[in-house]
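In what follows, a structure is listed as structure tokens, so that the remarks can point back to it.
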Amino acid sequence: MSAIRDPDEPKIYFLPNLMTACNLACGFFAVLMIFKGQIEVQRASGELALSAKEYYEITRKFYEYAILLIFGSCLFDLLDGRLARLGGQESPFGQEFDSLADIISFGMAPAMLLSRAVLFPLGNVGWAIALIYLVCGAMRLARFNCLAAMPKKPGAGTDFRGIPIPMAAGFIASLTFLIIDLYKNDHEVGPWKFVLAGAMLGLSWLMISDVRYPSFKTVDWKTRGTYTAIILAVVLVFITVQFRYVMPVVLFSSYLIYGFIRPWLSQRLRKEIEVYSAPDETQDDSSENSNEY
């Protein structure tokens, strides 16, 4: 005899929520890698005095694993939304689960990475900056959920208000690793620690700002492309693989800057950049009353 399902029980769709669970798992293991790097340093320093180069060699691989896991979280975060929309399986449960996973993968993990990797010399100031980033990320996700729960108005856009937290996490994580890779030392990066501290504060503000960013939610399996666009995408992937320490910073920086220059671009150019296959000519992205997330 089968159990009767409670009509108030939220619907849990398997594939989208599996992707969200993978996102959360990547965030968890990213945090674990950061802790493991510190444990290895303590173990090695107990046996002998470590030079800056030796310290770097011990921690580098763990920070690299953490960053790759954060990038993995970005991929799974992209997939869960795409799968949900593709199968018509968007649900309140999936939305809340996604936000809870995001605060770990894109809030806690990057905050810990930066505070342990380069802001450590700043002491309590470094921890405070990481905390501000984490709090602003949580507020960004809470605002997103509140706006998503509101009834959608006709002609409303799908733009994000404030930079999405996965993009903020990707930017700060890739920039952190590029700098420690260039300096070959994670705690002595000269004035760059102040640059990274400022970048983290800037991202904190940007997440809760009203700067509009494209969501690319209209890009799916039915989106039309051109031969040129496909070739450029292949070339971009190749360059990213070849210059894996530099290109992530370039890509995330491009998205970050695009939000500032976007209002000054023509509608036609914006639609070409954002790959809208069926744009609404009457849509006014600058409307303050649109239901943008």
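The values are calculated or read from the model by the stated rules, or taken from the named source; none is laboratory data. Note that the structure is a prediction, hence the values are computed from the model and not measured. All Cβ positions, even for glycine, are placed from backbone atoms using ideal geometry, and neighbour counts span all protein chains on display.
For the reader, a short list of remarks on this structure follows.
- One residue from Phe76, Phe35, Phe62 being surrounded by 15 or more Cβ atoms within 10 Å (Cβ to Cβ), modelled with pLDDT of 85 or more and out of contact with any Leu (no Cβ under 9 Å at 6 or more places or on another chain): Phe62
- Scanning the range 43-59 turns up one or more residues that are part of a helix (DSSP H, G or I), of a type in the set (Ser, Thr, Tyr), buried (at least 21 other Cβ atoms within 10 Å of the Cβ) and at pLDDT below 80.
- Candidate set: the range 109-142, residues that are in contact with a Lys or Arg (Cβ under 7 Å, 6 or more places away or on another chain) and in a helix (DSSP H, G or I); chosen: the one surrounded by the fewest Cβ atoms within 10 Å (Cβ to Cβ): Pro121
- Single residue of Leu68, Leu86, Leu100, Leu79 found to be free of Cβ contacts under 8 Å to residues at least 12 places away in the same chain and either closer than 21 Å to Met139 by Cβ or aliphatic (A, V, I, L, M) (or both): Leu68
- Residue selected from the range 161-189 under the condition modelled with pLDDT under 90 and hydrophobic (A, V, I, L, M, F, W, C), by the criterion surrounded by the most Cβ atoms within 10 Å (Cβ to Cβ): Ala173
- Number of the condition not met by Ala21 [criteria: (1) surrounded by fewer than 22 Cβ atoms within 10 Å (Cβ to Cβ); (2) over 18 Å from Leu141 (Cβ atoms); (3) modelled with pLDDT of 75 or more; (4) not polar (S, T, N, Q)]: (2)
- Restricting Val211, Val249 to those that are surrounded by 17 or more Cβ atoms within 10 Å (Cβ to Cβ), over 30 Å from Arg60 (Cα atoms) and at pLDDT 85 or above reduces the list to Val211.
- Test for Ala109: is it under 13 Å from Ala199 (Cα atoms) and touching a residue at least 60 places away in the same chain (Cβ under 8 Å): no
- Qualifying residue in the range 150-157 (condition: modelled with pLDDT of 85 or more and surrounded by 14 or more Cβ atoms within 10 Å (Cβ to Cβ)): no
- Any chance Ala128 is of a type in the set (Gly, Ala, Ser) and at pLDDT 90 or above: yes
- Residue satisfying condition, being touching a helix residue (DSSP H, G or I) at 6+ places or on another chain (Cβ under 8 Å) and at pLDDT 90 or above, within set Leu203, Leu196, Leu119: Leu203
- Some residue of the range 83-92 being in a helix (DSSP H, G or I) and at pLDDT 90 or above: no
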